[in-house]
Amino acid sequence: MLRALAPAAALLVSFGMPSAAAAAHVPAGNWVWYYQHVQAADRAKFAGAREVVVSEQANDAVAIAQIHAKHALAFHYVNVYWYPGNRAYEGVDFSQNAGWAFCESGSQPAIGRSVNGVPWYYADLNERGLYDSVVSYLRSLRSSGYDGVFLDLGTTALAAGAMPGLVSTCTQQPVVVGATFADGYARVAKAAAAIGLHVVVNYTTRKPLRADVASVVDRTLYETAPGATAASFAASFARRRAEQAAGQGTAPRYVEEVKTSRLGDRAGAFFGWTQAALWRIDLTVNTGDDGCPGTTMPSACGRFGTFPELTAVHRGKAMDAAPSSRSCTSRAAMRCLWVRRWQYALVLVNTTAAPIRAIVSTGHRRCRTFTDIWRARTLNGGACRMKLTVTVPAGAGRVYAERYP
């Protein structure tokens, strides 16, 4: 997945849930990206998630059942940007249909990348045969029970570099004469929506998402750099604050993926998650938990851990207009304890070099009982409190939830 940032132009489309017992979608929700085969034992990892995105599965019915059992929507990863030249992939086989490749000049298929010596060709989505095959694949996902699709590589397909504006020079049966690469990608997004699938697009540029895509997209994906640190806090804080000030409404229309850089980095996951959870942003952590065995690109592995305890946190509505700071160091205004109170949770981030002990009001008129998510235990022995006394370690994030899981 590439980095993706939602533009202000993206529109809110309410998600329908797979069962009447599921709660309505809320602005600050949780997602799970899970690029492993889903089994019954994985169901607990999805508790609290509104949506779960999976890659190709050994058994789609099993995967969908486990996701729906947690009252989440099931999304399937889809890549229509490029295809391997030696095998079938996501309902398309370029080894049998070389004429579906995109040509930048003449009749020579353009190679986008090579994986283990296998060329991956850019897709000519304006070629009728390929477009029809992609739509057929999308229909098969819908008939299998998937509620939506995640279209990867949206930035490079729609807005970045040369590809979006290019027209293939070898299209034999065009869907639309003169259509660009971006036009073909956009047409797929619209086709998915027309089939009845919810659509999420990986999109990182600050360029506005083209209107025809924005009209059918529920969310875009934004991936943070692995290992969010106190040093990077100021830049991400300023970005998120500017987005909210720009009038994106009560919830930015993107999902922010928090990444860790090593397997099982729970402290890193909490630190990154709480930084983003200071804002009205949908959140997810990594894309699995098996460490990507056998990968030749460990730095690109996104499966460094799932953290169901964070997925299960329901924040609810914001009780504070914005994050507030306290205990700041004298020489750095951003080196503070940052706090934001939500309807069902307190989120705290310590960006200083020392632990901070603080007394924080819950903001409620009546006492509440909170769970310390890091320690997985109730505070104060389960006693009802109007204020919480907490200690947040240096360079760390903590969350205390009332409704958990």
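The values are calculated or read from the model by the stated rules, or taken from the named source; none is laboratory data. The structure presented is a predicted model; accordingly, all values stated were derived computationally and were not measured. Here Cβ is always computed from backbone atoms with ideal geometry, including for glycine, and neighbour counts include all displayed protein chains. Only protein heavy atoms, including side chains, enter the accessible area calculation; ligands, DNA and RNA are left aside. Shrake-Rupley method; radii C 1.70, N 1.55, O 1.52, S 1.80 Å.
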Where the accessible area of the chain is counted over protein heavy atoms with a 1.4 Å probe, how much of it, in %, is carbon and sulfur? 51
Using the per-residue mean of other Cβ atoms lying within 10 Å as a proxy for protection, in what order, highest first, do the peptides 43-55, 374-386, 178-190 fall? 43-55, 178-190, 374-386
Kirkwood-type radius of the chain, with distances r between different C-alpha atoms, in Å: 22.3
For the chain, what does the relative contact order come out to in percent, with C-alpha contacts under 8 Å and a separation of six or more? 16
Which far-off residues, 5 or more places away or on another chain, put their amide H under 5 Å from the one on Val313, with H placed in the peptide plane? none
Heavy-atom accessible area of Cys301, protein chains in place, probe 1.4 angstrom, given in Å² to nearest 10, is 10
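Could you sort Glu309, Glu402 by their accessible area in this structure, using a 1.4 Å probe and putting the largest first?
So the residues, ranked largest to smallest area, are Glu402, Glu309.
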Links that overshoot a 27 Å alpha carbon limit, given the list Lys259/Lys317; Lys45/Lys207; Lys190/Lys317; Lys190/Lys259; Lys70/Lys259; Lys70/Lys317: Lys45/Lys207; Lys190/Lys317; Lys190/Lys259
Can you give me the long-range amide H partners of Leu73? Hydrogens built in the peptide plane at 1.01 Å from N, cutoff under 5 Å, separation of 5 or more residues or another chain. Glu51, Val52
Extended-chain gain in nm, criterion 0.36 nm per residue less alpha-carbon gap, Ser361 and Lys207: 51.4 nm
Take the Cβ-Cβ distance between Asn380 and Asn59 as r, set R0 to 41 Å, and report the resulting FRET efficiency rounded to the nearest 0.05. 0.35
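So for the range 296-353, considering every pair of alpha-carbon atoms, how many percent are separated by more than 17 Å?
58
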Using alpha carbon centers only, the range 336-405 is separated from the range 303-332 by a whole-angstrom value of 10
Please list, short to long, the whole-number percent of alpha-carbon pairs of the range 83-160 in consecutive 5 angstrom bins beginning at zero. 3, 14, 21, 26, 20, 11, 4, 1, 0
In nm, give the distance between the simple-model label positions of Ala333 and Arg266, each being 7 Å from the Cα along the Cα-to-Cβ direction. 3.7
Rank Ala235, Ala318, Ala159 by mean-square fluctuation in a GNM of the chain with C-alpha springs under 10 angstrom and give only the top-ranked residue. Ala235
Any chance you could look up the accessible area of Ile195 with a 1.4 Å probe, heavy atoms only, rounded to 10 Å²? 40
Restricting attention to the range 72-128, which trypsin sites (Lys or Arg not before Pro) occupy a DSSP loop and are surrounded by at most 13 other Cβ atoms within 10 Å? Arg87
Compute the angle between helix 230-245 and the longest alpha-carbon principal axis of the chain, please, reported from 0 to 90 degrees and rounded to the nearest 10. 80
List the residues whose amide H sits under 5 Å from the amide H of Tyr34, counting only those 5 or more places along or on another chain, with H placed 1.01 Å from N in the peptide plane. Val53, Val54, Ser55
How large, in Å, is the range 128-283 by the Kirkwood hydrodynamic radius built from its alpha-carbon pairs? 17.5
For the range 87-102, Karplus-derived ³J(HN,Hα) couplings (6.51, -1.76, 1.60; θ = phi - 60°; whole Hz; x for glycine and proline) come out as 6, 6, 8, 6, x, 10, 10, 6, 5, 9, 9, 4, x, 8, 7, 7
What do you get for the angle between helix 128-144 and the principal long axis of the chain? Use alpha-carbon atoms, 0 to 90 degrees, nearest ten. 40
The range 154-236 - Debye-derived log10 I(q)/I(0), Cα point model, q = 0.11, 0.14, 0.24 Å⁻¹: -0.39, -0.58, -1.16
Length gained when the stretch Arg139-Ala231 is fully extended (0.36 nm per residue, less Cα-Cα span): 28.5 nm
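Per residue of the chain, what 222 nm ellipticity follows from adding -39500 (n - 2.57) for every DSSP H run with n ≥ 4, rounded to the nearest 500?
Working: 8 runs with 83 residues, N = 405.
Rounded to the nearest 500, it is -6000 deg cm²/dmol.
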